[in-house]
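Participant: Please see the structure below; I have some questions.
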Amino acid sequence: MQQETDTPLTTGGRELALFHTGDLICGLDTCHVGEINKQTDITVVHRAPDYVRGVINLRGEIVTVIDLRKKFGFEPLAIDSEMRIVVVRLGDENIGLLVDKVTDVVNADPSDIEPPPSNLSGINGAFFNGIYKRKKHLVAILDIYEIMKKNEGDALPA
């Protein structure tokens, strides 16, 4: 993963980790990212919500892995060598986000970020807190708190 600076860091830009999920390019504020992990040996958890891919053992801590493809309504894929687990720290627990591939870290100029539309490629717009306009493409900035909300009727992972 290479660092690309769209804006000098001294201007108060927003540092984003960029990754692909389905046909979306997503960004996540790096302050939420604990690590990006290649480990994709995921143990299935029965009776968990369909978007929960399973759990991993991360240095002795059990981490629930959410498949963003499923969360966004895309078809899940078989695990491949480009997939990564973006480990996010929320409160006192780590949660893993399974993504198709991680591509970059950028510093986004706040003037290039707009509010998200209510529906982004058929995905609930509440999952995003902004759209970052880059020269060649748009980046949907994840609202990690909305992603982590349980859907009504979901069972808790074991």
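Quick note: the coordinates plus some simple rules give every number you see, no bench work behind them. This structure is a prediction, so every number in the text was calculated from the model and none was measured. Cβ coordinates were reconstructed from backbone atoms using ideal geometry, including for glycine residues, and neighbour counts include every protein chain displayed.
Participant: Calculate, in nm to one decimal, what residue 78 and residue 23 gain on full extension: separation in residues at 0.36 nm each, minus their alpha carbon distance. Can you show the working numbers first?
Facilitator: On the way: separation 55, 0.36 × 55 = 19.80 nm, distance 1.60 nm.
Gain on extension, residue 78 to residue 23, equals 18.2 nm.
Participant: Averaging sequence separations of C-alpha pairs under 8 Å and six or more residues apart, then dividing by the length of segment 2-148, give the relative contact order as a whole percent. Display every interim value, and only then the final one.
Facilitator: On the way: 299 pairs, mean separation 42.7, N = 147.
Normalised by residue count, the contact order of segment 2-148 is 29 percent.
Participant: Follow-up. Give the residue list of trypsin sites (Lys or Arg not before Pro) in segment 14-49 that are DSSP loop and have at most 14 other beta-carbon atoms within 10 angstrom.
Facilitator: On the way: sites: 14, 38, 47; in loops: 38, 47.
Counting only loop positions with at most 14 other Cβ atoms within 10 Å, the trypsin sites (Lys or Arg not before Pro) in segment 14-49 are 38, 47.
Participant: If I stretch the segment between residue 47 and residue 114 completely, what's the gain in nm (0.36 nm per residue apart, minus their alpha carbon distance), one decimal?
Facilitator: On the way: separation 67, 0.36 × 67 = 24.12 nm, distance 3.81 nm.
Length gained, residue 47 through residue 114: 20.3 nm.
Participant: Take residue 93 and residue 38, extend 7 Å from each Cα along the Cα→Cβ direction, and tell me the distance between the two endpoints in nm.
Facilitator: 2.9
Participant: Still on this structure, I have one more. Give the whole-number value, in cubic angstrom per residue, of the convex hull volume spanned by the C-alpha atoms of segment 2-148. Don't skip to the answer; put the middle values down first.
Facilitator: On the way: hull volume 17.9 nm³, N = 147.
Per-residue hull volume (Cα only) is 122 Å³.
Participant: Run the dipole for segment 2-148 about the Cα centre, Lys and Arg Cβ at +1, Asp and Glu Cβ at -1, nothing else charged, and hand back the magnitude in debye, nearest 20. Don't jump to the answer; show the numbers that get you there.
Facilitator: Working: 15 positive and 22 negative charges, 38 e Å.
Here the size comes out at about 180 debye.
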